[in-house]
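Input: a single structure, listed below in structure tokens.
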Amino acid sequence: MKFPKKGLPQETILKELEKVTSQDLSFSSGRILGSMCTMPHELAIEVFCRYIDRNLGDPGLHPGTRKIEEEVIGMLSDLLHLERGYGHIVSGGTEANILAVRAFRNLSDSERPELILPKSAHFSFIKAGEMLGVKLVWAELKPDYTVDVKDVEAKINDNTIGIVGIAGTTGLGVVDDIPSLSDLAQDYGIPLHVDAAFGGFVIPFAKALGYEIPDFDFKLRGVKSITIDPHKMGMAPIPAGGIIFRRKKYLKAISVLAPYLAGGKVWQATITGTRPGASVLAVWALIKHLGFEGYMEIVDRAMKLSRWFAEEIKKTPNAWLVREPVLNIVSFKTKNLHGVERKLKEKGWGISAHRGYIRIVFMPHVTKEMIEEFIKDLREVL
Ligand code: 0PR
């Protein structure tokens with residue numbers, strides 16, 4: 001396509017965009033079942049649009065927005081049982097995970113750094129390993145799909161710069177045995193990073209509702225950093241990931257001096273330079289508006305619906321749960337999986353097809369009516 005010589009009227013442009021984006025599935029379409037994103041909360045949208053010009057890459061220009069980011073990090077740290085945490089709202093779980101690995105690597109003196117992580121880890125760690133020159137050492141999973149802590153221990157050596165545990169795996173929503181990983185990390189003096197990109201905005205509320213889920217946060221001394229994404233179950237607009245470190249030294253280890261900025265010199269730890277203040281303000285507004293109780297209600301609905309769906313799968317011939325759900329993610333296998341996936345997609349369902357199973361994520365936009373319709377289609381296809 002050519003760069004246009006003459007501009008077109010706004011009206012024409014908007015019409016054209018409307019036409020092309022009408023091919024997209026939207027969260028209000030009632031068909032997206034396999035995404036970890038959702039329709040952002042209306043307050044967050046309002047705040048995001050209102051402060052669209054704020055740039056936290058130059059925080060001296062926007063001291064109010066910087067203060068709000070500090071408060072967000074404070075509130076997320078508190079949610080994760082840490083009195084004073086250090087971190088940022090970043091572009092997503094990928095950037096958050098990369099920052100954690102970067103901090104661990106920069107603080108180690110190994111010349112051949114290695115990171116031990118579960119085979120269930122998100123592919124963002126592959127990017128981290130590649131960019132940072134860190135060798136990834138994959139630990140085996142147990143039959144319940146949590147990481148085998150014994151295998152993690154067996155893989156520790158002098159070059160190990162860190163261990164990763166996952167609180168809400170991408171495929172199955174499983175939570176690793178973080179308490180044992182934390183003990184192990186403490187014993188060997190190795191930092192533990194917890195990827196709670198998805199689970200961070202689920203587990204604290206699910207535990208308060210009485211669901212039995214292992215501890216995963218800074219309560220455990222071995223945990224030195226946590227990824228927690230507001231743009232997943234936090235209902236914030238994209239982009240909004242979160243990284244929290246237990247101590248300032250981790251943030252310092254990845255900070256680069258930006259000496260000439262319009263707002264004065266700053267130390268910058270994020271991968272992105274120019275970055276949206278609007279995201280941070282939207283997250284702050286949401287947390288303040290919903291509060292712990294508001295998120296508890298959202299998680300309560302999602303967890304109940306996922307349990308109900310899991311029971312329906314058990315009653316469906318030729319379909320099997322991969323395992324009992326832990327969080328609000330249910331994954332199942334079927335006879336002739338690829339054919340079933342294709343037919344469900346033809347019927348307009350936005351499902352996520354992993355290797356060997358279909359994943360349904362019970363995000364806030366997923367309703368009982370949608371699920372009933374999906375089950376009807378699934379049974380028909382089967
Ligand atoms: N860590 C975990 C455990 C994740 O599940 C993800 C993303 C990340 C880190 C990386 O987060 P960002 O994508 O924010 O960088 N997991 C989702 C997934 O792979 C991402 C996603 C979201 C994919 C919405 C599709 C989609 O429609 O399922």
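The values are calculated or read from the model by the stated rules, or taken from the named source; none is laboratory data. These numbers were taken from a predicted model, which means no experiment stands behind them. Every residue, glycine as well, gets a Cβ built from its backbone with ideal geometry; the counts of neighbours run over all protein chains shown.
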**Q.** Output for region 333-345, where each listed residue is free of Cβ contacts under 8 Å to residues at least 40 places away in the same chain and part of a loop (DSSP other than H, G, I, E, B)
**A.** 336
Q: Please go through region 302-318 and pick out each residue that is exposed (fewer than 14 other Cβ atoms within 10 Å of the Cβ) and part of a helix (DSSP H, G or I).
A: 311, 314
(Q) Looking for something in a helix (DSSP H, G or I) and within 16 Å of the ligand (Cβ to nearest atom) - is there at least one such residue anywhere in region 140-154? (A) no
Q) Got at least one residue in region 263-286 being more than 21 Å from the chain's Cα centre (by Cα) and either over 30 Å from residue 107 (Cβ atoms) or part of a helix (DSSP H, G or I) (or both)? A) no
Q: Take residue 121 and decide whether it is in a loop (DSSP other than H, G, I, E, B) and within 16 Å of the ligand (Cβ to nearest atom).
A: yes
Q: Go through 330, 326, 366, 299 for me and flag whichever is out of contact with any Leu (no Cβ under 6 Å at 6 or more places or on another chain), within 17 Å of residue 232 (Cβ to Cβ) and assigned to a strand (DSSP E or B).
A: 330
Q: Inspect region 34-44 for any residue being surrounded by 14 or more Cβ atoms within 10 Å (Cβ to Cβ), polar (S, T, N, Q) and touching a Phe, Trp or Tyr at 6+ places or on another chain (Cβ under 9 Å) and give the result as yes or no.
A: yes
Q | Test result for residue 165, crowded, with 24+ Cβ neighbours inside 10 Å and within 15 Å of the ligand (Cβ to nearest atom) | A | yes
Q) When only residues in region 338-373 that are aliphatic (A, V, I, L, M) and modelled with pLDDT under 95 count, which is farthest from residue 169 (Cα to Cα)? A) 351
Q) How many residues are farther than 15 Å from residue 28 by Cα and more than 24 Å from the chain's Cα centre (by Cα) when one looks only at region 358-372? A) 1
Q | Residue list for region 220-262, restricted to those being under 20 Å from the mean Cα position of the chain (by Cα), farther than 15 Å from residue 94 by Cβ and of a type in the set (Lys, Arg) | A | 224, 246
**Q.** So residue 208, is it within 20 Å of the chain's Cα centre (by Cα) and of a type in the set (Gly, Ala, Ser)
**A.** no
Q) Is there a residue in region 195-205 that is touching a residue at least 12 places away in the same chain (Cβ under 8 Å) and of a type in the set (Asp, Glu)? A) yes
Q: Can you give me the number of residues within region 284-339 that are closer than 21 Å to residue 377 by Cβ and charged (D, E, K, R)?
A: 7
**Q.** Leading residue by the ranking (surrounded by the most Cβ atoms within 10 Å (Cβ to Cβ)) among those in region 81-126 that are farther than 16 Å from residue 162 by Cβ and free of Cβ contacts under 8 Å to residues at least 60 places away in the same chain
**A.** 120
Q.
Within region 233-259, take every residue that is within 16 Å of the ligand (Cβ to nearest atom) and within 21 Å of residue 162 (Cβ to Cβ) and give me the one that is surrounded by the fewest Cβ atoms within 10 Å (Cβ to Cβ).
A. 241
Q. Looking at region 184-227, which of its residues are within 10 Å of the ligand (Cβ to nearest atom), in a loop (DSSP other than H, G, I, E, B) and either in contact with a strand residue (DSSP E or B) (Cβ under 6 Å, 6 or more places away or on another chain) or among the small types (Gly, Ala, Ser) (or both)?
A. 196, 197
